[in-house]
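The values are calculated or read from the model by the stated rules, or taken from the named source; none is laboratory data. Here the structure is a predicted model, which is why all the values come from computation and not from measurement. A quick note on method: Cβ atoms are made from the backbone with ideal geometry, for glycine too, and the neighbour counts reach across all protein chains shown. In case anyone asks, the SASA skips ligands and DNA or RNA and just uses the protein heavy atoms, side chains included. Shrake-Rupley method; radii C 1.70, N 1.55, O 1.52, S 1.80 Å.
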Amino acid sequence: MPLTNWPNGASSFGVPLIGSGPSIPVTNGTYFFVCNATGMNGMEGSEGTDMSAPLLTINAAYDKTTASMNDVIVVLPGHAESLASNTAFVMDTANVTIVGLGVGSARPTFTLTTANTTRIPVSAINNKIQGCIFIG
């Protein structure tokens, strides 16, 4: 597992040493990072495994996860994303945890733009989302 460099000089093997809010689980899988402000779409060389080069969307990170490896997607504070269709984000990989970082309105926000019809399909077991805001 690579060393992760967190803000303010802290480093760890994927898990922050000090902090509040949702805890980032320890895993033998891979950590992926997401942030729409600094993210890349995965086609620009970013694998999303380094916090300084996150992926642009939650779906881009989710598509990189491997079933039953207990991968963790860390969504950085302030991330904002619109989900406009039932295929914008599909949870179809088993054993993935999504952790949104931030406090209050700085937590990652996902807006389902067609509130009556947009869904997040879940077709795999043991998925978890915490610390995120969903707006219908």
Margin query: Being buried (at least 20 other Cβ atoms within 10 Å of the Cβ) and either among the acidic types (D, E) or over 20 Å from G131 (Cα atoms) (or both) is the filter here; which residues of segment 66-80 pass it?
Written below: D71
Notebook entry, point to check: Just wondering, is there one or more residues in segment 101-121 that are of a type outside the set (G, A, S) and free of Cβ contacts under 8 Å to residues at least 24 places away in the same chain?
Noted result: yes
Note to self: If I ask for residues that are more than 20 Å from S68 (Cβ to Cβ), of a type in the set (A, V, I, L, M, F, W, C), open to solvent by less than 50 Å² (accessible area, probe 1.4 Å) and under 14 Å from the mean Cα position of the chain (by Cα), which ones from segment 90-136 would you list?
What the structure shows: L101, F110, C132, I133
Margin query: On the basis of being within 12 Å of Y31 (Cβ to Cβ) and touching a Cys at 6+ places or on another chain (Cβ under 8 Å), does I73 make the cut?
Written below: no
